[in-house]
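Just below is one structure, and these are the notes that go with it.
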Amino acid sequence: MALTSDILATYRGPGRVMARFISQGRNEVRALIFLLLAGLLIFIASAPYQAREAQLDPEGPLAVRLYWSAFLWIFLMPLILYAFAAMIWALSKIARRQITGYEIRMTLFWSLLASTPVLLLLGIVAGFIGPSIQLQAVGIVWLCVFGWFWASGLLAAEGNV
């Protein structure tokens, strides 16, 4: 399936999509590509807000803001997310769960990528409206969608779907 079709299918049944990914075997390259694409899309989503802030505060030019945003989302966040996935794997071993480190990484990275449409909406709201109750509402929606995708993916990876 195409990536966009998989993302749409995730909104209908996240456990089924993750079960299909896991059944295709271990593929670290796919997991890394999902993570890098998610970072790129999050960087794109943050651009309207960065442009708004650069317009309101000319001390920080837009080019500098975009540079540091790209550095964060494309270079640093993958490292942080790999460390976070390792921590979750260690906790799962303490809790005696039957899930591998790859399955944790795959579910985390796919959940982040599949929830980027909501993050793109969040970026638009942040860019046009700025800090507001609407921004908080869309942020909560994203957090719920991400949590739903990740929890469903973890359950599917463990075979509970």
Suppose we filter the stretch 71-115 for residues that are in a helix (DSSP H, G or I), among the hydroxyl-bearing types (Ser, Thr, Tyr) and closer than 27 Å to LEU8 by Cα; how many remain?
4
Within the stretch 129-146, is even one residue at positive phi and touching a residue at least 60 places away in the same chain (Cβ under 8 Å)?
yes
Filter the stretch 30-45 down to the residues that are of a type in the set (Gly, Ala, Ser) and within 16 Å of LEU76 (Cβ to Cβ) and list them by number.
ALA38, GLY39
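This table checks each residue for (1) at pLDDT 95 or above; (2) farther than 24 Å from ILE104 by Cβ; (3) of a type outside the set (D, E, K, R); (4) loosely packed, with under 13 Cβ neighbours inside 10 Å.
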site: ALA2; (1), (2), (3), (4): no, yes, yes, yes
site: GLY15; (1), (2), (3), (4): no, no, yes, no
site: ALA19; (1), (2), (3), (4): no, no, yes, no
site: GLY25; (1), (2), (3), (4): no, no, yes, yes
site: ALA54; (1), (2), (3), (4): no, yes, yes, no
site: PRO58; (1), (2), (3), (4): no, yes, yes, yes
site: PRO61; (1), (2), (3), (4): no, yes, yes, yes
Take the stretch 63-86 and flag every residue that is over 27 Å from TYR102 (Cβ atoms), of a type in the set (A, V, I, L, M, F, W, C) and either touching a residue at least 24 places away in the same chain (Cβ under 8 Å) or buried (at least 16 other Cβ atoms within 10 Å of the Cβ) (or both).
LEU66, ALA70
Can you give me the number of residues within the stretch 91-100 that are in contact with a helix residue (DSSP H, G or I) (Cβ under 9 Å, 6 or more places away or on another chain) and over 15 Å from PHE21 (Cβ atoms)?
3
Of the conditions (1) within 13 Å of ILE42 (Cβ to Cβ); (2) surrounded by 17 or more Cβ atoms within 10 Å (Cβ to Cβ); (3) at pLDDT 95 or above, VAL138 clears all except one; give me its number.
(1)
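Out of curiosity, is SER69 within 14 Å of the chain's Cα centre (by Cα) and within 22 Å of PRO131 (Cβ to Cβ)?
no
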Within the stretch 90-99, is even one residue at pLDDT below 95 and under 18 Å from the mean Cα position of the chain (by Cα)?
no
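The values are calculated or read from the model by the stated rules, or taken from the named source; none is laboratory data. Keep in mind the model is a prediction, meaning the values are calculated, not measured. Cβ sites come from the backbone with ideal geometry, for glycine too, and all protein chains shown count toward neighbours.
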